[in-house]
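Notes to accompany the following structure.
The values are calculated or read from the model by the stated rules, or taken from the named source; none is laboratory data. In this text, all values refer to a predicted model and were calculated from it rather than measured experimentally. With ideal geometry, Cβ positions are generated from the backbone for all residues, glycine too; neighbour counts draw on all protein chains shown.
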Amino acid sequence: MKNMSVYNFAAGPAMLPASVINQIKSDLPSFNDSGMSVMEISHRSDLFEKIINEAKTNLLELLNLSDDYEVLFLQGGATTQFAAIPMNIAKTKHIGLVDTGHWSIRAQEEAKRAGIKVDTIASSKTDQYHNIPNVKQPQQDLDYIHLTTNNTIEGTAYNKLPNLTTPLVLDVSSNFLAQSYQFKNVDVIYGGAQKNIGIAGLTIVAVRKDLITENDLPGMWNFQILSKKNSMLNTPPVFAIYTANLVLKWLKNLGGVAEIEKRNRQKSGLLYDFLDNSKLFNNPVKKDSRSLTNIVFSTGNDELDNKFIEQAKENNLVNLKGHRLVGGMRASLYNAMPYEGAEALVDFLEKFERDNWR
Ligand code: PLP
């Protein structure tokens, strides 16, 4: 039996809203009186068709996008899209990249593997990625500029998108529907579902319809074929799409992205305020570049960090270990994390500081 007082700060797969878990439980024996659980229904059934179409509409509504955008529900993670997106829409095979750390570099590597020329047009590497770089309009002709809105490992984020004449392609994996952006001149918005929109196994791609054109890519990579098949060229991840739709409905009922952003700012604000005043813990990120969803911190002492992670776990605050590339701690405060979770973490940080500061 799950202990309900456990707060899971994992970077993904991550927490689901409690009401979504309850809905899943109640749907399990018989989904919509079908006599079958949702894990057993056919993707060709009317039951599933209704789910996938609803999820599409809900996503566009929450992102405030018109139906000029197609929504694809795919597999293979954001990692597959690092190559699939340029293969589909980079007509001159030449793109720009904003280098904000690990995941942006992975996007660059995969695009290059797919034969795409990638120019880094801005980078915060020399600042150890502790801030996000200012992006200026590049002079060269580029199909688009790839930008990671939230950097899961480094704990940085764009609060506002750069206003450029070259279109943007956005990896929103770790702040998908967690804060609002003005999606102006944006070709693609994409990310995995496993942080803010449900469970692992589903990747969501919102792509401008006029960019979906005839090409000779294999089916599973081909946006035109996938779009014509309503994301069902093969068997889609039925359970993950069903869960995503529950999460999208939950978010709509809550008041949408503006409301969740307010809550996310309260949660992260509580933690950042503590860190700003702490003698023991430090957050290295420049204030205007702080992520709302992934907050990195450390004591600067590996032994003490490990002691913190262990003791936090004993206090039901789990998965606080930082990514192996940066060490220290990371608290992921995605949409499903309640305010009480952030409060419990800060209470524990205060106690740990009292006990360990000399
Ligand atoms: N982009 C960002 C910003 C991420 O945080 C991650 C994973 O954590 C990825 C891409 C890779 O996503 P996936 O595991 O869905 O391929």
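All but one of (1) more than 16 Å from the ligand (Cβ to nearest atom); (2) assigned to a loop (DSSP other than H, G, I, E, B); (3) within 22 Å of the chain's Cα centre (by Cα) hold for I153, so report the exception by its number.
(1) is the only condition that I153 fails.
Do we find that A312 is modelled with pLDDT of 95 or more, assigned to a loop (DSSP other than H, G, I, E, B) and surrounded by 20 or more Cβ atoms within 10 Å (Cβ to Cβ) in this structure?
So A312 does not fit the description; no.
A quick yes/no check of all residues on (1) in contact with an Asp or Glu (Cβ under 9 Å, 6 or more places away or on another chain); (2) within 16 Å of T80 (Cα to Cα):
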residue	(1), (2)
Q128	yes, no
P133	yes, no
T149	yes, no
T166	yes, no
A178	yes, no
K184	no, no
T203	no, yes
L211	yes, no
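Would you say A10 is touching a strand residue (DSSP E or B) at 6+ places or on another chain (Cβ under 8 Å), within 16 Å of the ligand (Cβ to nearest atom) and outside any loop (DSSP other than H, G, I, E, B)?
No.
From the list E49, E54, pick out the single residue that is under 17 Å from A193 (Cβ atoms) and either among the acidic types (D, E) or surrounded by fewer than 14 Cβ atoms within 10 Å (Cβ to Cβ) (or both).
One residue alone meets the criteria, E54.
Hey, among K184, K195, which residue is more than 15 Å from the ligand (Cβ to nearest atom), outside the structural domain of G328 (by TED's automatic domain parsing) and either among the basic types (K, R) or buried (at least 24 other Cβ atoms within 10 Å of the Cβ) (or both)?
Details: K195 fails: more than 15 Å from the ligand (Cβ to nearest atom).
Just a single option satisfies the conditions, and that option is K184.
Within the range 227-268, which residues are out of contact with any Leu (no Cβ under 9 Å at 6 or more places or on another chain) and without any contact (Cβ under 8 Å) to a residue 40 or more places away in the chain?
Matches in the range 227-268: K228, K229, N234, N253, L254, G255, K262.
Looking only at the range 22-46, count every residue that is assigned to a helix (DSSP H, G or I) and surrounded by 15 or more Cβ atoms within 10 Å (Cβ to Cβ) and tell me the total.
Here the count works out to 4.
Starting from the range 58-74, keep only residues that are outside the structural domain of R208 (by TED's automatic domain parsing), then list their pairs with residues that are assigned to a strand (DSSP E or B) whose Cβ atoms are within a distance under 6 Å, requiring at least 6 positions of separation or different chains.
No pair meets every condition.
Considering only residues that are assigned to a helix (DSSP H, G or I), within 10 Å of the ligand (Cβ to nearest atom) and surrounded by 21 or more Cβ atoms within 10 Å (Cβ to Cβ), which ones fall in the range 65-107?
Within the range 65-107, A78, Q81, F82, S104, A107 qualify.
Please go through the range 3-21 and pick out each residue that is surrounded by fewer than 13 Cβ atoms within 10 Å (Cβ to Cβ) and touching a helix residue (DSSP H, G or I) at 6+ places or on another chain (Cβ under 9 Å).
M4, S5
State whether the residues of the range 114-130 include one that is of a type in the set (F, W, Y) and either away from the ligand (no atom under 12 Å from the Cβ) or in a loop (DSSP other than H, G, I, E, B) (or both). Talk me through it step by step, then tell me what you get.
Of the residues in the range 114-130, the ones of a type in the set (F, W, Y) are 129.
With the extra rule that they be either away from the ligand (no atom under 12 Å from the Cβ) or in a loop (DSSP other than H, G, I, E, B) (or both), the set shrinks to 129.
Scanning the range 114-130, I find at least one residue that is of a type in the set (F, W, Y) and either away from the ligand (no atom under 12 Å from the Cβ) or in a loop (DSSP other than H, G, I, E, B) (or both), so the answer is yes.
Listed here are the residues, each with its yes/no results for (1) surrounded by fewer than 19 Cβ atoms within 10 Å (Cβ to Cβ); (2) within 30 Å of K50 (Cβ to Cβ).
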residue	(1), (2)
Y242	no, yes
L251	no, yes
Q266	yes, no
F274	no, no
I295	no, no
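Residues that are touching a Phe, Trp or Tyr at 6+ places or on another chain (Cβ under 8 Å): list the helices (runs of 4 or more DSSP H) wholly contained in the range 218-294 that include at least 2 such residues.
Of the helices (runs of 4 or more DSSP H) lying wholly inside the range 218-294, those with at least 2 residues that are touching a Phe, Trp or Tyr at 6+ places or on another chain (Cβ under 8 Å) span 238-254, 256-277.
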